[in-house]
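Quick notes on the structure that follows.
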Amino acid sequence: PVSLEPLPYDYDALTSVTDAETLRFHHDKHRATYVEKLNAAIKPHQELHNMTLEQLLTEPDKIPEEAKTPVKNNGGGVYNHQVYFNAMEKDEFTTPEGEIGKAIERDFGSLDTFMKEMTEAALSQFGSGYGWLVNNNGKLKVINLPNQDVPLSDTLYPLLPVDVWEHAYYLKYRNLRADYIKAFFDVVNWKEVSNNYEKAMRD
Ligand code: MN3
């Protein structure tokens, strides 16, 4: 079974983007529920127990029919929240360095242009979902995906998500999704994004 990873920081560590109450609900309730429901969905199917989370999400042919939808939705919820929570850090605006910094300049022109495109993608996601910075065959790209779909395939690898489900921002920002996205950039953990990029280029 998959377990709930602890947050890599305190509940009050990200106050420039979110408050402790939102973070507590987001992690201890929403994220935990995806973990519980994924485990419940795979429990009756012995053949799924040795598959990694990535395999469960990228090899749908191996999933029995009745488990396909719950594995996709809840497995995606587990995976996406893992990438999201790890991609933030204690309040401190930093900028991407090294290879990821160069790749952002190469593919977007500047960090500002990247942030504009990422904001646009996250804002225009109708309903629940995420804005994503992804590696697309060696090129960085910004996309959005609905619900808990994962950008994980032969051609896509996730680098940085911004969760735009209302549970991520509604307590503090109400309907102002744009304000939440703007503040999100203040807590991006670029070291983690850089690690994700290295993984994407290696695999
Ligand atoms: Mn969420």
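Just so you know, all these numbers are worked out from the coordinates, no wet-lab data involved. As the structure is a computational prediction, the values presented were derived from the model and not from experiment. In this analysis, Cβ positions are derived from the backbone assuming ideal geometry, glycine residues included, and neighbour counts consider all displayed protein chains.
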- Query: Between the helical axis of 111-123 and the dominant principal axis of the chain, each derived from Cα atoms, what acute angle in degrees is found, rounded to the nearest 10?
  - Reply: 50 degrees
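Taking square-rooted eigenvalues a ≥ b ≥ c of the alpha carbon gyration tensor, is segment 78-156 rounded, prolate or oblate, where a/c under 1.5 means rounded and, failing that, a/b exceeding b/c means prolate? Write out the running numbers ahead of the final one.
Numbers: a/c = 1.43, a/b = 1.28, b/c = 1.12.
Rounded, because the longest to shortest axis ratio a/c is under 1.5.
Counting Lys +1, Arg +1, Asp -1, Glu -1, what net charge surrounds residue 129 among other residues with beta carbon under 15 Å of its beta carbon? Walk me through the numbers on the way to the answer.
Numbers: positive: 72, 177; negative: 120, 149, 163, 166.
Summing Lys and Arg as +1 and Asp and Glu as -1 gives -2.
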- Query: For the residues 141, 43, what sequence is obtained by ranking on other C-beta atoms within 10 Å, fewest first?
  - Reply: 43, 141
- segment 112-197 - Rg over Rh from alpha carbon coordinates, Kirkwood radius: 0.95
- Query: Of the cross-linked pairs 90/139; 90/141; 37/90; 90/191; 102/139; 37/172, which ones have a Cα-Cα span greater than 18 Å in the structure shown?
  - Reply: 90/139; 90/141; 37/90; 37/172
- Rank the residues 49, 27 as a footprinting-exposure proxy: fewest other Cβ atoms within 10 Å of their Cβ go first. 49, 27
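Taking all pairs of distinct Cα atoms, average 1/r, flip it, and tell me the Kirkwood hydrodynamic radius of the chain in Å to one decimal place.
Values: mean 1/r = 0.0576 Å⁻¹.
17.4 Å is the Kirkwood radius here.
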- Which of 117, 59 comes first, and how do the rest follow, when ranked by fewest Cβ neighbours within 10 Å? 59, 117
- Message: If I fit a long axis through the Cα atoms of helix 32-42 and take the longest principal axis of the Cα atoms of the chain, what angle between them do I get, 0 to 90°, rounded to 10?
- Response: 30 degrees
